[in-house]
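Here's the structure, in C-alpha cells; my notes come after.
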Amino acid sequence: DPSGHIEPLGLAFAIDQGVLACACKGLAPNMELVVRIGTREVPARPASVDPGKGYCTLAAPNTGSWPLASSRFAPRAGDKVYAVRVAERGEPSLAAGTIRRIAGAASLVVVEVGGAASTAIAGTPLVDVQGHLVAIGDGERYVRMTER
C-alpha cells in the first residue's frame, strides 16, 4: 500500500511471456504489486481480475520466467498430481496427491485432491507427473484453468 506496508497475497507463476497466474483473493484492478522471484523484486499489475473463473492474471513484463506448460489431457480421478509449494526463502518443493474427482461446469471446474497436495494454497500450481499445469489453488480449492 502507499504507506509501504507489504501484504503477501500468495504465489504467482508464469503462464505466458510476461503474464502470471495468481489467486484473486485480495487483488483489485488498480493495485500496484511486486512479485518476488528469488531475491529479485519485479513490478506487476493486475491484467484480469475475474474471481468467477477461479484465477486472475498479472502483467509482469520483466519477470524473465518460462511459462508453465498446460497439461494436454483433461485430469481424471485417480491421476497423480503435485502441488508446487515455495518456502519462505524461495525453495520449491512438491507435495504429492491424487485427484479424487472433477466437478463443475465449463466456466469453473474444481479439481478435488487428496493427500499432501490437498491444501490449495493461494496461487499454488497443481501439476501432473509430466510437470504440466493441471489447476491453480485459489486458497480454498484447486480450479482448472480452462482458458488463458
*Hey, any idea what % of the chain's accessible area is carbon plus sulfur with a 1.4 Å probe?*
52
_Scaled radius of gyration (Cα, divided by 2.2 N^0.38 Å) that the stretch 44-84 gives_ = 1.55
*Leaving ligands, DNA and RNA out of it, work out the accessible area of ASP50 with a 1.4 Å probe and give it in Å² to the nearest 10.*
70
*With a point put 7 Å past each Cα toward its Cβ, work out how far ALA116 is from HIS5 in nm, to one decimal.*
3.6
*Mind ranking THR39, THR98, THR124 by accessible surface for me, highest first, 1.4 Å probe?*
THR39, THR98, THR124
*Please report the relative contact order for the chain, taking Cα pairs under 8 Å with a sequence separation of at least 6, and give it as a percent rounded to a whole number.*
22
_For the stretch 9-148, report the % of Cα-Cα distances exceeding 25 Å._
20
_So for the stretch 1-84, averaging the separation of alpha carbon pairs under 8 Å that are six or more residues apart and normalising by length, what relative contact order in percent results?_
29
*Average accessible area per residue (Å²) across the chain - probe 1.4 Å, nucleic acids and ligands excluded*: 59
*Two-site label geometry, ALA77 and ALA103: point separation in nm, points 7 Å out along Cα→Cβ*: 1.2
*Placed amide H near MET31: partners under 5 Å, 5+ positions off or other chain*: none
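Can you pull out the trypsin sites (Lys or Arg not before Pro) in the stretch 1-97 whose DSSP state is coil and whose Cβ has at most 10 other Cβ atoms within 10 Å?
ARG72, ARG76, ARG89
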*Using only Cα atoms, figure out Rg for the stretch 1-76 and give it as a multiple of 2.2 N^0.38 Å.*
1.15
*Kirkwood hydrodynamic radius (Cα pairs, Å) of the stretch 54-123?*
14.1
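The values are calculated or read from the model by the stated rules, or taken from the named source; none is laboratory data. Predicted, not measured: the structure shown is a model, and the values here were computed from it. Glycine also receives a Cβ, built like all others from the backbone with ideal geometry; neighbour counts cover every protein chain displayed. Surface accessibility is based on the protein's heavy atoms, side chains included, excluding ligands, DNA and RNA. Shrake-Rupley method; radii C 1.70, N 1.55, O 1.52, S 1.80 Å.
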